[in-house]
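The values are calculated or read from the model by the stated rules, or taken from the named source; none is laboratory data. Here the structure is a predicted model, which is why all the values come from computation and not from measurement. Cβ sites come from the backbone with ideal geometry, for glycine too, and all protein chains shown count toward neighbours.
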Amino acid sequence: MCGIIGYTGEKQAQPILLNGLAKLEYRGYDSCGIAIAAGDIAVYKDAVRVEALKKASPKLTGTSGIGHTRWATHGAPSQINAHPHLDCNGEIAVVHNGVINNYQELRNRLIEEGHTFVSETDTEVIAHLIEKYYGGNLEEAIESAVAEMEGSYTIIVLIKGESGLAVVRKESPLIIGLGDKENFVSSDVPAILDYTDRVIYLEDGDIGFITRNSIKVKSAGKEVKREEHKILWNVEEAQKSGYEHFLLKEIHEQPKVIRNTLGEYTREAEPVTDTFGMESADMESMLILACGTSYYASLVGKYIIEELLRIPVRVEPASEFNYFGHTLAGGVSLAILQSGETADTLRAMKKLKESGHKVIAITNVVGSTASRIASHTVYTRAGPEISVAATKTFMAQLMALYWLALSFSRLGTRKLSSLRNELRQMPGKVQQVLDGEESIVEHARYLSRFENVFFIGRGMNYPIALEGALKLKEISYIHAEGYAAGELKHGPFALLGTDTPVIAIVPGDNTYEAMLTNIKEIKARGSPVIALAEEGNETIEELVDRVITVPRVNPLFTPVVNIVALQLLAYHTARERGCSIDYPRNLAKSVTVE
Ligand code: AGP
């Protein structure tokens, strides 16, 4: 994880670095720091959030600099362990995203050679290694240091007396933003979007040397040309635009996200059949790999695809598959990851490719590592998602899965066309849920008093119960568990009682009667029940304590409206409890470690 940024140009670097770091905080935020070159290298860092660093840091003058916001791996969050890290003489500063696997061995050797270390981090060895090899030739020093490092190390290096920055990309993202007499480097687009929309995506193993007027990229010792791309996201999308939190803004953006994502896969109202890089012949079975919220989207996908295509779909968390997953050689598989950088999913993709699979990635980030590994990439159009908790990217993933299933389904043309039309009505249905936000605020106030909550659902709303529970736990810190409704009686009933509410997802589909039975069993054991039910359902009100109403939709699309209500419930519960909603403790948005 971690966010890194660099600037070299004619302007003062400090405000550019600090503004950029604030936009990269979703990648880690336990400490942060900057280094600026103006003759000597000045460093200011601390175990604080970027806003606090902005207020506390003295004015550092200089037009080249680097910055970092950290998600600790080696060494607790502290001022000493915060990046940038320096060599012995304070003339080489490094920021790093990744993990140096052989850092202990390198550190021991460098200490024997006379280097003094001050932090517990793996990153500090990079500064000392470069120091060891630097005799005035920057390229040679970086290449020699890199040759000794094992692991993942996307770095930016600032050296006293050198004009500009050196960068290396290894297994974490790095982009170069192109300006006029200035250039930028960053882990991600939002950090530089205020200044430029022209970028170069570095590839794994690339080493770059960047001055205000030039970019030189080398791969395997040879100079290479990397294509320039124009960013389609706009500044507005990466700002709060009047909302109190990014999360709330992102929840509210979902009608637009549905329209944009479906629009991406449709031309003149018809599906674009080659969108998914698959053919009907590939559709005998399917394997989907993902993590976290993307894993839950994949589970919804399993129900959708099995329903519409009548083929078996296997879904596994990528982290499990990497150690225990067996596959037949060949075939087509899907990897779903909003960031395009999740280490576990990338590793699973590589494993599948090695066994001859064609791997299709569904991701939200153009130029991400996943898109480089995949045989084919399907982009979701959620726009930048800043809040650590995923909401609109989950919705966009659902849309990709619905459209995939509807594109390959063997149902009759009329039925398919009617389902596609219903799916296109979803922005309006989601808007209806959003319009009912006030009533959800009141339910959230009630929920915020509890410390344990169950979410239950059946069929394709079972993964929605899992995702609803994940949203609540990660942003409100209430212990929440998602369960298949029929499973609750096989053990968890022991935990039911007046202090353990159950949130029951009760669509009017073929799970309805079974859900009512489960609700009665739960009520008999004293737990308060909040039902998520369709408008017009009056029966439910007599059975439960509270009802959150969602619009009536085709049973196939109930996850779409239900998840939005649960996102709002989690958001307002967390707000009521005064939590750090966009940046929950201990988390990072892009999990680039195993
Ligand atoms: C969910 O709110 C989290 N942000 C997390 O579970 C996330 O979905 C997971 O880390 C996977 O991320 P990815 O989609 O980028 O692979």
Please find, among Ile304, Ile231, Ile207, Ile258, the residue that is at pLDDT 95 or above and farther than 30 Å from Tyr462 by Cβ. Ile207
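Taking the conditions exactly as written (at pLDDT 95 or above and not in a helix (DSSP H, G or I)), does Arg212 satisfy them or not?
Judged against the criteria, Arg212 is a match.
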Residues that are β-branched (Val, Ile, Thr) and either farther than 15 Å from His85 by Cα or surrounded by 22 or more Cβ atoms within 10 Å (Cβ to Cβ) (or both), drawn from the stretch 100-148: Ile100, Ile111, Thr121, Thr123, Val125, Ile126, Ile130, Ile142, Val146
Of all the residues that make up the stretch 538-594, how many are under 20 Å from Ser476 (Cα atoms), more than 16 Å from the ligand (Cβ to nearest atom) and not charged (D, E, K, R)? 5
Tell me, which helices (runs of 4 or more DSSP H) wholly within the stretch 307-387 include 3 or more residues that are more than 24 Å from Met399 (Cβ to Cβ)? 318-324, 343-354
Single residue of the stretch 261-297 satisfying the filter (more than 24 Å from Glu237 (Cα to Cα), touching a strand residue (DSSP E or B) at 6+ places or on another chain (Cβ under 7 Å) and part of a helix (DSSP H, G or I)) that is modelled with the highest pLDDT: Tyr295
Taking Ile130 and the conditions (1) touching a helix residue (DSSP H, G or I) at 6+ places or on another chain (Cβ under 8 Å); (2) in a loop (DSSP other than H, G, I, E, B), which numbered condition does it fall short on, given that it satisfies the others? (2)
Looking only at the stretch 401-409, decide whether some residue is part of a helix (DSSP H, G or I), buried (at least 24 other Cβ atoms within 10 Å of the Cβ), among the hydroxyl-bearing types (Ser, Thr, Tyr) and within 26 Å of the chain's Cα centre (by Cα). yes
Taking first residues from the stretch 324-343 that are modelled with pLDDT under 90 and second residues anywhere that are among the charged types (D, E, K, R) and within 16 Å of the ligand (Cβ to nearest atom), the pairs with Cβ under 7 Å that are 6 or more apart or on different chains are Gly325/Glu316
Could you please give the count of residues in the stretch 293-326 that are surrounded by 17 or more Cβ atoms within 10 Å (Cβ to Cβ) and touching a Ser or Thr at 6+ places or on another chain (Cβ under 8 Å)? 7
Among residues belonging to the stretch 464-497 that are within 19 Å of Glu513 (Cα to Cα) and within 16 Å of the ligand (Cβ to nearest atom), point out the one that is nearest to the chain's Cα centre (by Cα). Ile464
Cβ pairs under 6 Å, 6+ apart or interchain, first in the stretch 376-390 and closer than 21 Å to Phe276 by Cβ and within 11 Å of the ligand (Cβ to nearest atom), second aromatic (Phe, Trp, Tyr) and not in a loop (DSSP other than H, G, I, E, B), ordered by first then second residue, are none
